[in-house]
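Participant: I'd like to ask some things about the structure below.
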Amino acid sequence: LEFGEIREYGDVFKVSARAISNERLEVSWDIAENYYLYNNKSLRFSTDTAGVVLGKPQIPEGERKFDELLGEEVVKYHQRLTVVLPLESVSDGVDLVSLRVRSQGCLEDVLCYPPTEQLLAVTLPPPAPAGAASLADVFGQPAARPVRDQSENAPALAPDEAFVYEAIGLAPESILVRFTAQPGYYLYRDKFSFRITDASGFKVRDVVLPQGTIKDDPEFGPIEVYFGQIEVPVQVSRPAGPEQAITLEADYQGCRDGDICYPPQTSSAKLVMSAANTATGPAVPANGLEAKAGAAKQPASEQDTLAQMLLNNPAGALLAFFMAGILLAFTPCVFPMVPILSGIIAGQGERMTTARAFWLSLVYVLAMAVTYTVAGVLAGLFGQNLQALFQNPWILGFFIAIFIALALSMFGFFELQLPGRLQSRLSQASNQQTGGSLTGVAVMGFLSALIVGPCVAPPLAAALIVIGASGSAVLGGSALFALSMGMGVPLILFGMSAGKLVPKAGPWMDAIKAGFGVGLLALAIWMLERIVQGPVILLLWGVLAIASGVYLGALERVPDAASGWRRLWKSIGLVLLLLGSMEIIGAANGSHDWMKPLKGMQVSGGMPAAVEHVTFKRIKSLEDLDAAVAQAEQAGQPAMLDFYADWCVECLRMERNTFAQPEIRALFRQIQPMQADVTENDDIDRALMRKYGIIGPPAILFFDRHGQELKNMRLVGYFEPEEFAEHLERVLEIR
């Protein structure tokens with residue numbers, strides 16, 4: 001079975017429910033061929049409808065069998081399962097029950113889906129009439145009305161009789177709306193809109209209209225309309241709180257077929273929303289006040305899309321996470337692991353073989369993946385980012401010292417051999433890494449995962465969302481492990497290639513080891529940038545480039561009979577000499593960007609070139625953020641909060657490559673840019689991140705002109721200027 005063939009849970013386990021009477025419900029599943037549901041305490045039923053108490057479900061006997069996938073004996077159901085659910089009590093006036101059904105199933109001998117909850121609405125039959133016919137029950141059977149003559153000569157019905165509007169709260173965030181057009185009447189699909197008028201913090205977030213019928217209308221031409229009865233799910237955003245009564249106002253318009261059209265109508269329905277333990281994201285309709293039915297939904301963020309995919313299609317999602325890991329391997333957060341692995345392999349010298357390089361690389365990657373997975377699961381469960389904790393100057397300084405020691409050994413200043421009595425502890429630790437000990441390699445993989453690449457990417461955020469929302473450490477951890485192994489595949493391939501290409505003996509081996517030594521020194525400077533920034537980093541890059549150029553013979557005369565290789569090395573050395581000189585000049589001029597060392601220098605003896613920077617409003621605490629968002633709201637502007645840290649490589653890239661672009665600076669004039677520097681990762685920083693569920697930088701939050709966060713507009717990770725500009729424009733369009 002290919003991953004692409006895995007079907008959605010609802011497609012293979014089609015659930016429905018009906019009321020047998022006012023005292024019993026019947027819930028049924030139609031189960032696709034080769035699939036089965038199982039009952040191992042996985043079938044659960046609950047309701048959010050006030051005044052309804054469910055009894056003990058009557059579950060039929062199934063096939064009792066040991067399941068290889070689950071590793072235990074379970075009761076299986078194939079083809080169809082029907083469960084009778086008693087209603088112990090139903091309050092007067094309740095005629096629609098919101099039913100939550102939790103189940104779990106598998107594809108035979110291939111995979112098991114995670115426990116899945118499905119929401120059903122069950123209409124109860126009306127109570128027996130006591131003499132005269134009753135009026136329509138709320139969401140019961142259609143109202144019994146006197147039979148009227150619907151001919152052209154008959155008088156038209158009043159609007160509220162021609163079109164009956166009803167609504168009921170299904171769940172803390174869900175409303176079910178029903179419109180009934182009487183025979184001979186119809187409603188226009190594109191004329192619906194909904195809003196909540198009397199509840200603070202409640203807003204309509206999404207409306208899903210069913211497909212209609214195309215009609216050649218005398219007023220509007222071919223248009224989509226509804227005949228008879230339709231049900232419309234309405235999703236709301238709301239604050240946390242107890243059960244609350246609200247009013248849902250609806251706009252609509254309809255006609256009597258072949259005769260007259262009514263003007264646009266507005267009706268209201270009062271309903272009760274059940275209690276909510278947590279607040280939901282704010283509404284983000286086009287006009288900021290109401291949701292227009294049929295309007296385009298705001299796109300979900302990348303991490304939310306991946307999280308939903310992981311919950312709905314775990315097997316396919318794991319493949320997606322693995323592929324995402326391969327792409328992440330070529331980002332600045334993972335690429336620095338290449339010189340570390342190179343140093344491990346080069347330290348083998350003439351003992352290196354392709355097979356040995358493979359095993360060393362595999363152990364390194366597995367240690368990195370396990371560490372990355374465990375750290376991610378702990379972060380999801382407890383909200384504490386272990387990688388951020390390891391960005392301590394003392395820890396980073398110790399790791400940098402190890403890299404420098406390894407680099408010096410590559411240059412031949414001293415030899416790091418197997419541990420001996422006379423060697424220091426540092427030499428012993430260093431030897432374990434370069435000498436090829438699998439334990440030492442695993443230690444380096446462990447440290448690399450915690451220290452080298454602490455930035456947050458959308459797949460990592462998605463896995464943490466799943467862990468935090470569902471509590472499923474296994475599901476989220478599996479995704480993180482797949483992501484980590486994807487990141488490790490290029491490293492394993494590189495390690496095998498390096499093991500095959502490294503000379504076994506001779507003077508070339510010294511040159512190769514020196515090259516790897518330069519890589520380790522470059523990695524040490526790259527990590528030092530998290531502690532020391534600005535001109536010092538430029539100076540160190542300049543010294544390393546000049547020293548490398550001198551080593552390659554930039555200042556030596558090339559004999560006339562020199563080979564092409566000798567001339568190539570000298571050319572590269574001259575380029576490095578030039579680049580190093582530029583870095584040192586930039587350092588002397590006070591430059592802070594080693595990627596652009598001469599930026600901002602004087603031009604032709606004139607004044608220094610003006611460099612425009614984005615001015616962020618600095619945020620430290622939740623109080624600072626509330627005040628800044630309120631200030632932006634008063635100015636009628638949206639706001640943006642950027643979570644930044646000096647040790648976050650992708651944050652620095654955003655500062656240099658994205659925020660500095662003229663088109664981004666122009667858009668920032670229409671928005672209130674704020675920045676929370678969480679470099680220290682102290683209690684105040686963690687409280688701010690915990691409030692918004694941020695596990696670490698880079699992450700960017702957006703707030704609308706009313707001070708509400710636009711959760712579906714969140715960004716995680718690095719974005720190129722073009723992508724970021726398009727995203728800002730979408731935020732600015734939200735009114």
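Participant: What number comes out for the charge environment of THR213, summing +1 per Lys or Arg and -1 per Asp or Glu over other residues with Cβ under 14 Å away?
Facilitator: Details: positive: ARG189, LYS215; negative: ASP190, ASP216, ASP217, GLU224, ASP257.
Neighbourhood net charge equals -3.
Participant: Each residue of segment 83-97 in order: what ³J(HN,Hα) in whole Hz does its phi give by Karplus 6.51 cos²θ - 1.76 cosθ + 1.60, θ = phi - 60°, with x for Gly and Pro?
Facilitator: 10, 8, 10, x, 10, 5, 7, 9, 5, 4, x, 8, 10, 9, 10
Participant: Largest first, how would GLU61, GLU556, GLU720, GLU166 line up by accessible area (1.4 Å probe)?
Facilitator: On the way: GLU61 160, GLU556 100, GLU720 80, GLU166 25 Å².
Listed by decreasing accessible area, they come as GLU61, GLU556, GLU720, GLU166.
Participant: Along each of the three principal axes of the Cα atoms of segment 532-601, give the extent in whole Å, ordering the values from largest to smallest.
Facilitator: Largest first, segment 532-601 extends 44, 21, 15 Å along its Cα principal axes.
Participant: Something else now. Using a Förster distance of 51 angstrom, determine the FRET efficiency expected from the C-beta separation of ARG44 and SER621, and round it to 0.05.
Facilitator: Details: r = 42 Å, r/R0 = 0.81.
In this case the efficiency is close to 0.75.
Participant: What does the charge count near GLY10 come to, summing +1 for each Lys or Arg and -1 for each Asp or Glu among other residues with Cβ under 13 Å from its Cβ? Show your work: numbers first, answer last.
Facilitator: Numbers: positive: ARG7, LYS14; negative: GLU8, ASP11, ASP30, GLU117.
Net charge in that neighbourhood comes out at -2.
Participant: Over all distinct Cα pairs, what is the inverse of the mean 1/r for segment 46-111, reported as the Kirkwood hydrodynamic radius in Å?
Facilitator: Mean inverse Cα-Cα distance, inverted, gives 14.5 Å.
Participant: How large is ³J(HN,Hα), in whole Hz, for each residue of segment 103-118 in order, when computed from phi with the Karplus curve 6.51 cos²θ - 1.76 cosθ + 1.60 and θ = phi - 60°, using x for Gly and Pro?
Facilitator: Taking θ as phi minus 60°, the curve returns 8, 8, x, 9, 9, 3, 6, 10, 7, 10, 6, x, x, 10, 9, 10 Hz for segment 103-118.
Participant: Can I ask one more? Just to check, using Stokes-Einstein with a Kirkwood Rh over alpha carbon pairs, what's the diffusion coefficient of segment 547-698 at 10 °C and 1.306 mPa s in µm²/s?
Facilitator: 83 µm²/s
Participant: Just grab the label-to-label distance for ASP251 and THR353, each label 7 Å out from Cα along the Cβ direction, in nm (one decimal).
Facilitator: Distance between the two pseudo-spin positions: 7.8 nm.
Participant: Set the Förster distance to 35 Å, then compute FRET efficiency between THR197 and ASP30 from the Cβ-Cβ distance, nearest 0.05. Intermediate results must be reported in sequence, preceding the final value.
Facilitator: Values: r = 41 Å, r/R0 = 1.17.
The computed FRET efficiency comes out at 0.30.
Participant: Quick check on segment 616-688: take the gyration tensor over C-alpha atoms, sort the square-rooted eigenvalues as a ≥ b ≥ c, and tell me if it's rounded (a/c under 1.5), prolate or oblate.
Facilitator: Working: a/c = 3.76, a/b = 1.05, b/c = 3.58.
Oblate, since a/c reaches 1.5 and b/c is not below a/b.
Participant: Longer than 21 Å from Cα to Cα, which of LYS691/LYS711; LYS570/LYS599; LYS191/LYS215; LYS570/LYS596; LYS596/LYS617 are they? Say none if no pair is. Spell out each step's value before the answer.
Facilitator: On the way: LYS691/LYS711 13 Å; LYS570/LYS599 28 Å; LYS191/LYS215 15 Å; LYS570/LYS596 24 Å; LYS596/LYS617 25 Å.
Distance filter (> 21 Å) returns LYS570/LYS599; LYS570/LYS596; LYS596/LYS617.
Participant: For SER621, what accessible area in Å² do you get when you roll a 1.4 Å probe over the heavy atoms of the protein chains, rounding to the nearest 10?
Facilitator: Counting only protein heavy atoms, SER621 exposes about 20 Å² to solvent.
Participant: Here is a follow-up. If you project the alpha carbons of segment 661-735 onto their three principal axes, what span does each projection cover, largest first, in Å?
Facilitator: Extents along the principal axes: 35, 27, 19 Å.
Participant: Return the FRET efficiency for the residue pair VAL90, ALA687: r is the Cβ-Cβ distance, R0 is 56 Å, and the value is rounded to the nearest 0.05.
Facilitator: Working: r = 45 Å, r/R0 = 0.81.
Given R0 = 56 Å and the Cβ-Cβ separation, E is 0.80.
Participant: Gap in Å between the Cα centre of segment 702-731 and the Cα centre of segment 171-198?
Facilitator: Segment 171-198 and segment 702-731 have Cα centres separated by 31 Å.
Participant: Filter the GluC sites (Glu not before Pro) in segment 202-262 to those in DSSP coil with at most 14 other Cβ atoms within 10 Å of their Cβ, and list the result.
Facilitator: On the way: sites: GLU219, GLU224, GLU231, GLU243, GLU249; in loops: GLU219, GLU243.
The qualifying sites are GLU219, GLU243.
Participant: Restricting attention to the alpha-carbon atoms of segment 25-64, what are Rg (one decimal) and Dmax (integer), both in Å?
Facilitator: 12.9, 40
Participant: What number comes out for the charge environment of PRO239, summing +1 per Lys or Arg and -1 per Asp or Glu over other residues with Cβ under 12 Å away? The partial results should precede the final answer.
Facilitator: On the way: positive: LYS203, ARG238; negative: GLU173.
Residues near PRO239 contribute +1 overall.
The values are calculated or read from the model by the stated rules, or taken from the named source; none is laboratory data. Nothing here was measured: the structure is a model prediction, and the numbers come from that model. Methodologically, a virtual Cβ is constructed for each residue, glycine included, from the backbone with ideal geometry; neighbour enumeration extends over all protein chains shown. Note: accessible area is taken over every heavy atom of the protein model, side chains too, but ligands, DNA and RNA are not part of it. Shrake-Rupley method; radii C 1.70, N 1.55, O 1.52, S 1.80 Å.
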